[in-house]
Amino acid sequence: MPRITTESLLQMYRAMLETLGPSRWWPAQSPFEVAVGVILTQNTTWGNVEKAIANLREHDLLTPGRMATVTDEELERHIQPSGFYRQKTRNLRAFLNFLDEADGFDFIGLERWETPELRDRLLKVKGIGPETADSILLYALGRPVFVVDAYTARICHRHGLVPEDVGYDELQALFTDRLPEDAVLFNEYHALLVRVGKDWCRKKKPLCAACPLNGMGLEPAWSVLDR
Ligand code: SF4
C-alpha cells in the first residue's frame, strides 16, 4: 500500500478539478429538495430522479408539509420515473415522519442538532443508510461530512489505497482522517469522484489512459494487472 498523505489526497482532488471543473452539486431549489433527491437517487440515474422531482414540483409537493398531505398512491405516481417507487415512497414517508417528530416538518430546524447526533437520528430512519445520511448532511445541510460510495471504493482500491472489500467507515476515514474538515472541499471531492467513476473508472475495462487520475503518482492497480 502506498503511504497516503494529505498531500496525495489533495493531488488527486486537484487533478480531477483541473480537468473536469467544478461540479456545482447539488442542483436543487431548497435543502428539502436535496434530501428528496438523495433518497430518490438510490439505484437509479440522476436523469430519472430529475423527472420525479419535476413531477413533484409541478404538483407543489417539494415542501415536507405539502408532501405529507398526499396519499402513498399519489406519491408513488409522481416518483415512478425514479424506479423502486413503492420502496422509495415508504422511505420518503419515513423521512417525513422523522421530520414531523423532529420539528413539525421544519427541515431547517434540523440545524440545531450537532452533526453526530443528527447522523445517528437519520440512520434510524427506514431506508436511510450511511451514504444517504451523509449525503443529506453534506449536500442539504452543508455539514463537513465526507460521502463515500461504490465509485469511491473502486477508484481507491484500484489505486492501492484500500482493500477491495473496504467498509463504509474505513473508506470514509481514509479521507476524513487526512483532509481539513471543510464542507466545500468534501462536496466537490465526492462529486468529482462520482464523475470519474462514471466516465472513466468503469467496472469493466476502465479508461485509464484518458482518466484525470492517470499518471499522478498513485499507481493505478488496474493498469498494473492489465499489462
Ligand atoms: S486511472 Fe484508471 S484506475 Fe485510476 S481512477 Fe482512472 S480509470 Fe480508474
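Bear in mind these aren't lab numbers, they're just calculated from the coordinates by the rules spelled out. Here the structure is a predicted model, which means the values were calculated and not measured. Reconstructed Cβ throughout: ideal geometry from the backbone, glycine too, with neighbour counts over all protein chains shown.
Can you tell which of 161, 118, 75 shows the greatest fluctuation in a Gaussian network model of the chain with Cα springs below 10 Å?
Maximum fluctuation in the GNM of the chain, among the listed residues, is at 118.
Taking the alpha-carbon distance from residue 205 and a cut-off under 12 Å, which aspartates and glutamates remain once sequence neighbours fewer than 8 residues away in the same chain are dropped?
Result set, ordered by chain and number: 226.
Could you please tell me the mean projected area of the C-alpha convex hull for the chain, averaged over all directions and given in square nanometres to one decimal?
12.4
Setting aside same-chain residues fewer than 8 positions from residue 124, which lysines have a Cα under 23 Å from its Cα?
Filter leaves 88.
Ranking 82, 30 by Cβ neighbours within 10 Å, fewest first, what do you get?
The order, fewest Cβ neighbours first, is 30, 82.
How large is the dipole of the chain about the Cα centre if only Lys and Arg carry +1 and Asp and Glu carry -1, each at its Cβ, rounded to the nearest 20 debye? Intermediate results must be reported in sequence, preceding the final value.
Working: 27 positive and 32 negative charges, 183 e Å.
The calculated dipole for the chain is roughly 880 debye.
When the Cα atoms of region 31-140 are enclosed in a convex hull and the volume is divided per residue, what value in Å³ results? List each step's numbers first, then the result.
Details: hull volume 9.3 nm³, N = 110.
Dividing the Cα hull volume of region 31-140 by its residue count gives 84 Å³.
What net charge is computed for the residues neighbouring residue 179, neighbours being all others with C-beta under 14 Å from the C-beta of residue 179, Lys and Arg scored +1, Asp and Glu -1?
Taking every other residue near residue 179 into account, the sum is -3.
What whole number of Å gives the distance from the Cα centroid of region 104-121 to the Cα centroid of region 1-47?
Going from one Cα centre to the other spans 22 Å.
Where does region 123-174 land on Rg/Rh, using Cα atoms and the Kirkwood Rh?
Values: Rg = 11.8 Å, Rh = 11.7 Å.
That ratio equals 1.02.
Please give the charge dipole size of region 88-130, origin at the Cα centre, charges +1 on K and R Cβ atoms and -1 on D and E Cβ atoms. Round to the nearest 20 debye.
Numbers: 8 positive and 8 negative charges, 83 e Å.
With only Lys, Arg, Asp and Glu charged at Cβ, the dipole is about 400 debye.
I'd like to know which of 63, 91, 123 lies farthest towards the positive end of the charge dipole of region 31-140, counting +1 on Cβ of Lys and Arg and -1 on Cβ of Asp and Glu.
91
When the helix-only estimate is applied to the chain (DSSP H runs of n ≥ 4, each -39,500 (n - 2.57), divided by the residue count), what is the mean residue ellipticity at 222 nm, nearest 500 deg cm²/dmol?
It comes out at -16500 deg cm²/dmol, rounded to the nearest 500.
Suppose we flag GluC sites (Glu not before Pro) only when DSSP calls them loop and at most 10 other Cβ atoms lie within 10 Å. Which is the longest uninterrupted stretch of the chain?
Here the longest segment lacking exposed loop sites spans 1-113.
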